[in-house]
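What follows is a short report on a single structure.
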Amino acid sequence: MGGRSLSPLRPPSRAGDDLAAISGAALEAVSASTLLRRALQGEQPPVIVGQPYTLIAAGKASAAMLERWYALVSQLPERAIGVGTHDGQRVPDDVEWYTGGHPTPTDESVAAAEAALQAARAVPASGRLVVLLSGGASSLLCRPVAGVTLAEKQQITRALMHDGRAIDELNCVRKHLSLVKGGRLAAACAGQTLTLAISDVVAPVPDDPSVIGSGPTVADPSTFADAWRIVAAMAAQDAVPPSVRDYLARGAAGAVPESPKPGDVAMARGRYELIGTRGAAMAGAAEDARRRGYDVVVLEPPVLGEARDAGARHLATLQAATLHRPGPLCIISSGETTVTVTGKGRGGRNQEFVAGAIDALSREARPTLLTSIGTDGIDGPTDCAGAWADNTIAALVQSQRLSVESSLRDNDTYELHRRLGTLVRTGPTDTNVGDLQIALIY
């Protein structure tokens, strides 16, 4: 990535330059190339010389992970499959590449999952399946169960997201409507499995392997009964396809086999290594901020909840962190908020987070600059990673006769930030470890 910045849109000031550089350092620290290089230099080799292996990469970082794998591992795989959202031209020629859909799966997602399952089934007992996993894999590897169509899987996925469901609940339902998730990919393999994973899961169990990418290679502790309860509690019951309702109800009644559970013999053949987390991103930001002369505070608990409310609450957290710290201060946090969609506008959770903080920022006594970005470079269905704001933005909102409240009500924060000039664009980042917030206080 070479020190990715927040250009072309960033606060026009020295603080803005610092904010861009610190954020870029965080992204560099969790780039797929950086993480995979470090993992492959570990004590345990990823492949045993002479042992045949099959390679599958799934997620937003898959192209970069494949590129780095081929550069560092001399032994070529028997078969290589990759699925991501972009950048297929970067992968080696012998990789079977699929461009799937995110956040909802597509026909290419189904084709990729079917190819992955076929490849796993072909691995002999003496062979190995290596899986390079990153955020977004739940949507990019999609093989619905019999009786549930892709369109119906897309419908329930969108409905759960619109209902504001957290990632663990969304993935619980996905796993129980899938032939590849919830350990089923590993169960299809007669040989050993190795998973190298970049985590975008922040809660309720941080970096939970069974939730990252919906856990295709690990045991699934969730049940059909859990999935049924999640769907039954949704506000918009008319958005649940009858086939989904019927399948989950039959599973909860014991009429459909469960996903592989902890202790399953098929799961005992697997090794799982977590190679990248939000903590690594915060550490990269902290190192760069200290080098620039900032006193640094890293907030370890994840930032969660409804995005607009979390943004407003974050200012109180910043105020507490500034006590007895009079000099330049950099406060770093991360997490993953949610957005309950009630309007018809465009935006994302990071844009809503920053919009929710604008009013409170205007009352801050010390100059404060705040940004929140998706570490994958994509915030909702938009072309930006997130947004920024400072103490002056509320006055700009008023002078332009804009309304933060109506923008949030219509989930139209992209237009709000576009008109304010406060969008942040990073482009694709080759990683995904959740969201990152950085505040600079003087």
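The values are calculated or read from the model by the stated rules, or taken from the named source; none is laboratory data. Keep in mind that this is a model prediction, so the values were computed, not measured. FYI the Cβ positions are ideal-geometry reconstructions off the backbone, even for glycines, and counts take in every protein chain you see.
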### Query
With respect to Ala119, is the statement that it is under 30 Å from Arg38 (Cα atoms), surrounded by fewer than 24 Cβ atoms within 10 Å (Cβ to Cβ), in contact with a Pro (Cβ under 6 Å, 6 or more places away or on another chain) and outside the structural domain of Glu306 (by TED's automatic domain parsing) true?
no
### Query
Does the range 38-53 contain any residue that is in the same structural domain as Leu185 (by TED's automatic domain parsing), part of a strand (DSSP E or B), crowded, with 22+ Cβ neighbours inside 10 Å and without any contact (Cβ under 8 Å) to a residue 60 or more places away in the chain?
no
### Message
Looking at Arg418, Arg401 in this structure, which one is over 21 Å from Ala61 (Cα atoms) and either touching a residue at least 12 places away in the same chain (Cβ under 8 Å) or part of a helix (DSSP H, G or I) (or both)?
### Response
Arg418
#### Entry: Filter result (in a loop (DSSP other than H, G, I, E, B), of a type in the set (D, E, K, R) and within 20 Å of Pro221 (Cβ to Cβ)) within the range 240-292
Glu258, Lys261, Asp264
### Query
Can you tell me how many residues in the range 144-166 are under 20 Å from the mean Cα position of the chain (by Cα) and not aliphatic (A, V, I, L, M)?
8
### Task
Would you confirm whether any residue within the range 278-297 is over 18 Å from Gly327 (Cα atoms), within 24 Å of the chain's Cα centre (by Cα) and surrounded by fewer than 16 Cβ atoms within 10 Å (Cβ to Cβ)?
no
### From Leu315, Leu323, residue being at pLDDT below 95 and farther than 14 Å from Ala439 by Cα
Leu323
### Query
List, please: which pairs have Cβ atoms under 6 Å, are six or more places apart or on different chains, and start with a residue in the range 23-35 that is assigned to a helix (DSSP H, G or I) and end with one that is of a type in the set (S, T, N, Q) and at pLDDT below 95?
Gly24/Ser5; Leu27/Thr429; Ala32/Thr431
### Task
Report whether or not His314 is crowded, with 19+ Cβ neighbours inside 10 Å and either in a helix (DSSP H, G or I) or not aliphatic (A, V, I, L, M) (or both).
yes
### Query
Does Gly380 meet the test of being at pLDDT 95 or above, within 22 Å of the chain's Cα centre (by Cα) and assigned to a loop (DSSP other than H, G, I, E, B)?
no
### Unique match (being within 22 Å of Thr426 (Cα to Cα) and assigned to a helix (DSSP H, G or I)) among Ala360, Ala355, Ala394
Ala355
#### Entry: Answer residue from the range 359-386, given it is of a type in the set (Asp, Glu) and under 22 Å from Gly101 (Cβ atoms) and is surrounded by the fewest Cβ atoms within 10 Å (Cβ to Cβ) among those
Asp383
### Query
out of contact with any Asp or Glu (no Cβ under 6 Å at 6 or more places or on another chain) and at positive phi: does that describe Ser139?
no
#### Entry: Flag if Val244 is assigned by TED's automatic domain parsing to the domain that holds Ala26, surrounded by 15 or more Cβ atoms within 10 Å (Cβ to Cβ) and of a type in the set (Val, Ile, Thr)
no
